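Values quoted throughout were computed directly from the atomic coordinates according to the rules given, and no laboratory measurement underlies them. It should be emphasised that the depicted structure is a prediction, and the values quoted were computed from it without experimental measurement. Note: ideal-geometry Cβ built from the backbone for every residue, glycine included; neighbour counts use all protein chains shown.
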2 protein chains.
Amino acid sequence: MNGAKSGHVAVIGLGPGNASQVTPEASEAVAAAKWFYGYGPYVDRLQLRPDQVKVASDNREEISRAQAALAKAAEGERVAVVSGGDPGVFAMAAAVCEAIEAGPPEWRSLDVTIVPGITAMLAVAARIGAPLGHDFCAISLSDNLKPWELIEKRLSAVASAGVVIALYNPISKARPWQLGKAFELLAKILPTTTPVIFGRAAGRPDEKIEVTPLAQADASQADMATCIIIGSAETKMIDRGGRPALVYTPRFSAASA
Amino acid sequence: MNGAKSGHVAVIGLGPGNASQVTPEASEAVAAAKWFYGYGPYVDRLQLRPDQVKVASDNREEISRAQAALAKAAEGERVAVVSGGDPGVFAMAAAVCEAIEAGPPEWRSLDVTIVPGITAMLAVAARIGAPLGHDFCAISLSDNLKPWELIEKRLSAVASAGVVIALYNPISKARPWQLGKAFELLAKILPTTTPVIFGRAAGRPDEKIEVTPLAQADASQADMATCIIIGSAETKMIDRGGRPALVYTPRFSAASA
């Protein structure tokens, strides 16, 4: 698709934060764009040329950021919207789609490309073994955009079905109690020894990966940059003496329905 | 960790099959290894130097492949185990962990690195919009490694809870009826209009992405190389006239628990 006349929007996943985990496709998409919209810390990761322009915005302004990017593209410009991780996982790709659907008709004719990235749960899982080695889900713990009761319902449903859980957006200053509540709820369903992985800043210099049995898991182990993986009853730990333990979920399950 | 004495195993995700979606980290890990173990078509993607050795094996031989790779590393060699997509998602990272757990004690002291990759559902989602924009799960439809009843239980649980579903391993010659059964089961839970995305070979020259309402979804639309994404009741399509429709799941949910 040639966007020369109608403008172009690339929604780009920059991965967890390590330059070696940015795909060549993402780097090429960055090189091809002029205007860069994104949450400040993500835009700040980019090393841009003098002819490229950063438009940073706050974390919570996803829709207005998407609208600004689309409006700029509608002027015939080449625009990038950047996300950490993968843009399709609790990030800007859905916000851009929402803005297109609700926006002026001409936004529908824009050339839109979405460039996938390594999402946090994959990066965290890789640092500890293979906790997502069998059926798993990704759930956002933020009740800004859905009712807390729905989050509880989903956590119960997936844990009861033996599906490993990756929690995104586990905690923030405005949402201090939700993670503790989630651990409480899951402790009634899963074995007390179920491994809980707190993966902070995987692949970055300030990386911190901790494993705690569910019974001892504490919300204070997480912050906004943490992705939490909660195993199933079948998730195992392999003690390796001098090396960090491996945590994995076997490919097979003998669990009964 | 320096593996000079004890040998080293890198479990490497090569992404969906497009060279531009292989991370620099994965390319560096390939360059650093001597022995390459993997399913034939994945090993064949590698462009190796004359001093590097391919050991291809069949699709179903995951454990024996992992054991062979670990045995070679235990000789002090630098070994790579390659997977398409991400090695932690229904792939070789779990098989390597299983082999370490069941294997001789010296395998536990091997230096093991897992290099994440773009997994199929992320690549497929990016080609169509943002169907994984809110809570989602990844479920393997293969009943080689778990009972079919458990798969049905999990599909019912996640669909009933409003979680989008990515199906891996949807169909094979030995498993011809399972996907049709899954569609039947889901059609009793989800609206007939729920978008079903058949994403085959995303990002490769033979890519084919189709969207079908659940009521018309047919197992013949899939093969072994297809990742299927089944929306929730909230997943939407945006008609764009001359351009392909966008399919996305909004970041917010008003669904009641």
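The table that follows gives values for the structure above.
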quantity: 10 Å Cβ neighbours from other chains, averaged over peptide B:121-128; calculated: 6
quantity: Per-copy distances of the B:R204 label point, shortest first, in nm (7 angstrom along Cα→Cβ); calculated: 3.5
quantity: Cysteines without a disulfide-compatible partner [the protein assembly as shown; Cβ-Cβ under 4.7 Å]; calculated: A:C97, A:C227, B:C97, B:C227
quantity: Other protein chain Cβ atoms within 10 Å, averaged over every residue that makes up B:229-242; calculated: 2
quantity: Whole-angstrom Cα spans of the stretch A:51-108 along principal axes, big to small; calculated: 31, 28, 18
quantity: Net charge contributed by nearby residues that have their C-beta within less than 14 Å of A:E210 (K/R +1, D/E -1); calculated: -1
quantity: Pairs of alpha carbons in the protein assembly as shown whose separation is greater than 41 Å (percent); calculated: 14
quantity: A:V81 long-range amide H proximity, modeled H, under 5 Å; calculated: A:A10, A:V11, A:I12, A:Y37
quantity: At R0 = 41 Å, FRET efficiency that the Cβ-Cβ distance of A:A174 and B:A32 yields, to 0.05; calculated: 0.40
quantity: Cα long-axis angle, helix A:148-160 against chain A (0 to 90 degrees, to the nearest 10); calculated: 50
quantity: Calculated [θ] (222 nm, deg cm²/dmol) that DSSP helices of n ≥ 4 give over chain B, each run adding -39,500 (n - 2.57); calculated: -8000 deg cm²/dmol
quantity: Unsatisfied cross-links (Cα-Cα over 28 Å) in the set B:K188/B:K236; A:K153/A:K236; A:K236/B:K208; A:K236/B:K153; B:K54/B:K208; calculated: A:K236/B:K208; B:K54/B:K208
quantity: Nearest-first distances (nm) between copies at A:P41, label 7 Å from Cα via Cβ; calculated: 3.9
quantity: Cα centroid of the stretch B:114-130 to Cα centroid of the stretch B:56-81, whole Å; calculated: 26
quantity: Average other protein chain Cβ within 10 Å of Cβ, residues B:83-96; calculated: 6
quantity: In order through the stretch B:31-37: 3J(HN,Hα) via Karplus (6.51 cos²θ - 1.76 cosθ + 1.60), integer Hz, x for Gly, Pro; calculated: 5, 8, 9, 10, 9, 10, 10
quantity: Whole-Hz ³J(HN,Hα) from phi, Karplus 6.51 cos²θ - 1.76 cosθ + 1.60, for the stretch A:202-209, glycine and proline x; calculated: 3, x, 9, x, 8, 4, 8, 10
quantity: Cα-based Rg of chain B normalised by 2.2 N^0.38 Å, two decimals; calculated: 1.09
quantity: Most fluctuating residue given options B:R243, B:R60, B:R49, as computed from a GNM of chain B linking Cα atoms under 10 Å; calculated: B:R243
quantity: Net length gained if the chain between B:E207 and B:R243 were fully extended (0.36 nm per residue, minus Cα distance); calculated: 11.3 nm
quantity: Per-peptide average of other Cβ atoms within 10 Å, ordering B:223-229, B:161-167 highest first; calculated: B:161-167, B:223-229
quantity: Under Karplus coefficients 6.51, -1.76 and 1.60, residue-wise ³J(HN,Hα) of the stretch B:59-67 in Hz, glycine/proline x; calculated: 3, 8, 9, 5, 5, 5, 5, 4, 5
quantity: Radius, Kirkwood style, for the stretch B:1-102 when every pair of distinct Cα atoms is counted (Å); calculated: 13.4
quantity: Rounded FRET efficiency, nearest 0.05, which uses the C-beta distance separating B:Q216 from B:S64 and R0 of 56 Å; calculated: 0.85
